[in-house]
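Heads up, the thing below is written out as structure tokens.
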Amino acid sequence: MLKLRNEIPDKNNVKSPVLLLNQNYQPLNICTARRAISLMGLGKAEPIINSSRNIRSATTSLPLPSVIRLYYMVKIPTTNRRLSRQALFFRDKFTCQYCSKKTKQLTIDHVIPRSKGGLHVWENVVSACADCNHKKAGLTLRESELKLKASPKSPSPNPYYIFQHRNIAEEWKPFIPWEA
Ligand SMILES: [Zn+2]
């Protein structure tokens with residue numbers, strides 16, 4: 001076990017981001033290498049993928065972890081996510097909910113148009129590509145003859161939320177569905 005507290009750790013590497021997986025391999029959080037090594041040292045997690053770099057202390061050198069997995073299951077708290085463009089696109093995995101096209105050029109579509117009294121709530125918004133948004137415009141589903149892939153829902157426990165605004169390491173991608 002590497003005791004970082006009592007030794008001089010490699011300053012750059014202890015802060016490297018590490019993807020922390022739940023017992024079932026679902027992404028749980030992004031932590032620092034220091035925390036990852038501590039979790040493994042306590043017997044709470046195992047390394048899944050190491051980076052090509054090493055982490056050094058005064059007396060030891062270990063492979064720097066990139067992905068680790070907990071030996072136990074953590075229940076992800078259910079929270080009501082604030083509705084934002086980014087959070088919506090993440091919920092819909094950057095996929096147009098009408099034509100299934102995957103794109104980063106998405107717009108927010110109100111299933112029941114706001115002009116017809118539709119609310120700006122999770123259950124009434126979907127990600128739409130520019131073409132579908134243009135077809136749908138101020139029309140209802142029936143009027144537009146477009147079909148939804150699924151009824152929109154509040155994105156309660158969404159483990160993928162943690163990747164917002166983060167650089168995603170190459171070796172993390174197999175654990176993130178829309179990157180696969
Ligand atoms: Zn579309």
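Here is a check on your reading of the model: is His110 free of Cβ contacts under 8 Å to residues at least 40 places away in the same chain, away from the ligand (no atom under 14 Å from the Cβ) and surrounded by 12 or more Cβ atoms within 10 Å (Cβ to Cβ)? Yes. For the range 132-147, a tally of residues being near the ligand (Cβ under 9 Å from one of its atoms) and open to solvent by 100 Å² or more (accessible area, probe 1.4 Å) returns 1. Does the range 117-130 include one or more residues that are β-branched (Val, Ile, Thr), touching a residue at least 40 places away in the same chain (Cβ under 8 Å), within 16 Å of the ligand (Cβ to nearest atom) and within 30 Å of Ile48 (Cα to Cα)? Checked the range 117-130: no residue is β-branched (Val, Ile, Thr), touching a residue at least 40 places away in the same chain (Cβ under 8 Å), within 16 Å of the ligand (Cβ to nearest atom) and within 30 Å of Ile48 (Cα to Cα).
The values are calculated or read from the model by the stated rules, or taken from the named source; none is laboratory data. Here the structure is a predicted model, which is why all the values come from computation and not from measurement. We place every Cβ from the backbone using ideal geometry, glycine too, and count neighbours over all the protein chains shown. Surface accessibility is based on the protein's heavy atoms, side chains included, excluding ligands, DNA and RNA. Shrake-Rupley method; radii C 1.70, N 1.55, O 1.52, S 1.80 Å.
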